[in-house]
Amino acid sequence: MAARAYWKGQIRLALVSIPVEIFTATKSGASIAFNQIHEPSGKRIKYEKVVPGIGPVDPDEIVKGYQYEKGSYVLLEDEEIEAVKLESKKTLELTQFVDHDEIDVLYYEKPYYVVPADDLAEEAYIVLREALRRTRKVAIGQLAMRGREYVVSLKPCGRGIVLETLRYADEVNKAQNYFRDIENAEPDEELLDLAEALIDRKTAKFDPGQFHNRYVEALEDLIERKRKGKTIHTDEDEARPEKGMNVVDLMAALKRSIEKPGETGKAPARKSAAKKAPVKKAPAPKKPAAKKAPAKKSAGAEPARKRA
């Protein structure tokens, strides 16, 4: 494997040890980096490290400091910080197993691929993978990597296993602090049916390759046009949403969303079902007696003619 292992060690489950290597599963997406430029000269702006009242300082005179109160710092040498870093024991001890859906998505941080270190480790690796898959459990443990200790989870992923670092409880903001003002009410059933129909219509297999970073693509296009000396026209008012716009009726908006032409799915079935109820009420207009009244008059007139 061409990639360099992020961590090497062993997974331990009771008395079973599985030598593994861990590789980063993600990479930074495309991004556009900007520099600050002095416009008159076209030269890049650089920064100097200065001390107020003293001016620029030598990098060798700079140390790390922790501010424990305003203007007061505890100074720490690099060697002192290194001395307290956790040593990697090269062992991931699996201490707990939980249901696969029990961990809130907010706690997941970063994924890594876990692969067996050699052919001898493969059998135990496969046993662990399939045991997790059959029981639908996620393995939990703590792992020291590069001076920091992480809570991690292990779960099956195709023919392999994925390790994900988890955030600690004090690193996640409590949801109720943000959602407590939202009304706890049941939505209108018809609105809910329309929303479900719209979801059904747009349901498809997830394909990450269908999505592109449109912002980065637009920036690249802008930079290329500027590089070629083309004039750039911007219309901020066109892009900015209007303030004070009328609130669109939710029912009407959902119905229009479903009725878009050219789309197929389960929605039409729901739509026709919704229209069957009014059809039953349609005979109601036939009840007026206006049509029967003329029939009675003609019936009475006929005997008069007979007597004549």
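Can you find even one residue in region 95-110 that is within 16 Å of ILE22 (Cα to Cα) and in a loop (DSSP other than H, G, I, E, B)? Checked region 95-110: no residue is within 16 Å of ILE22 (Cα to Cα) and in a loop (DSSP other than H, G, I, E, B).
Of all residue pairs spaced 6 or more apart or on separate chains, those with beta-carbon atoms under 9 Å, a first member in region 14-43 that is over 26 Å from TYR215 (Cα atoms) and a second member that is part of a loop (DSSP other than H, G, I, E, B) and small (Gly, Ala, Ser) are ILE18/ALA117; PRO19/ALA117; VAL20/ALA117; GLU21/ALA5; GLU21/ALA117; ILE22/ALA5; PHE23/ALA3; PHE23/ALA5.
Residue-wise test of (1) surrounded by 15 or more Cβ atoms within 10 Å (Cβ to Cβ); (2) assigned to a loop (DSSP other than H, G, I, E, B); (3) assigned by TED's automatic domain parsing to the domain that holds HIS100.
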| position | (1), (2), (3) |
| --- | --- |
| LEU120 | no, no, yes |
| TYR125 | yes, no, yes |
| ARG134 | no, no, yes |
| ALA139 | yes, no, yes |
| LEU143 | yes, no, yes |
| VAL152 | yes, no, yes |
| LYS155 | yes, no, yes |
| ASP181 | no, yes, no |
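Could you tell me whether region 71-80 includes any residue that is loosely packed, with under 11 Cβ neighbours inside 10 Å and among the aromatic types (Phe, Trp, Tyr)? The answer is no, given that none of the residues of region 71-80 is loosely packed, with under 11 Cβ neighbours inside 10 Å and among the aromatic types (Phe, Trp, Tyr). For region 13-24, the condition of being among the hydroxyl-bearing types (Ser, Thr, Tyr) and modelled with pLDDT of 90 or more holds for at least one residue. Among the criteria (1) surrounded by 12 or more Cβ atoms within 10 Å (Cβ to Cβ); (2) in contact with a His (Cβ under 6 Å, 6 or more places away or on another chain); (3) more than 30 Å from ALA3 (Cβ to Cβ); (4) not aromatic (Phe, Trp, Tyr), the one VAL57 does not fulfil is (2). Cβ-Cβ distances below 7 Å connect the following pairs, each with a first residue in region 117-145 that is within 18 Å of GLY158 (Cβ to Cβ), a second residue that is basic (Lys, Arg) and part of a strand (DSSP E or B), and a separation of six or more residues or different chains: LEU132/LYS155; VAL138/LYS155.
Taken together, the criteria exclude VAL50 from residues that are in contact with a helix residue (DSSP H, G or I) (Cβ under 9 Å, 6 or more places away or on another chain) and either assigned by TED's automatic domain parsing to the domain that holds ASP221 or surrounded by 10 or more Cβ atoms within 10 Å (Cβ to Cβ) (or both).
The values are calculated or read from the model by the stated rules, or taken from the named source; none is laboratory data. Keep in mind the model is a prediction, meaning the values are calculated, not measured. Note that we place each Cβ from the backbone using ideal geometry, even for glycine, and neighbour counts take in every protein chain shown.
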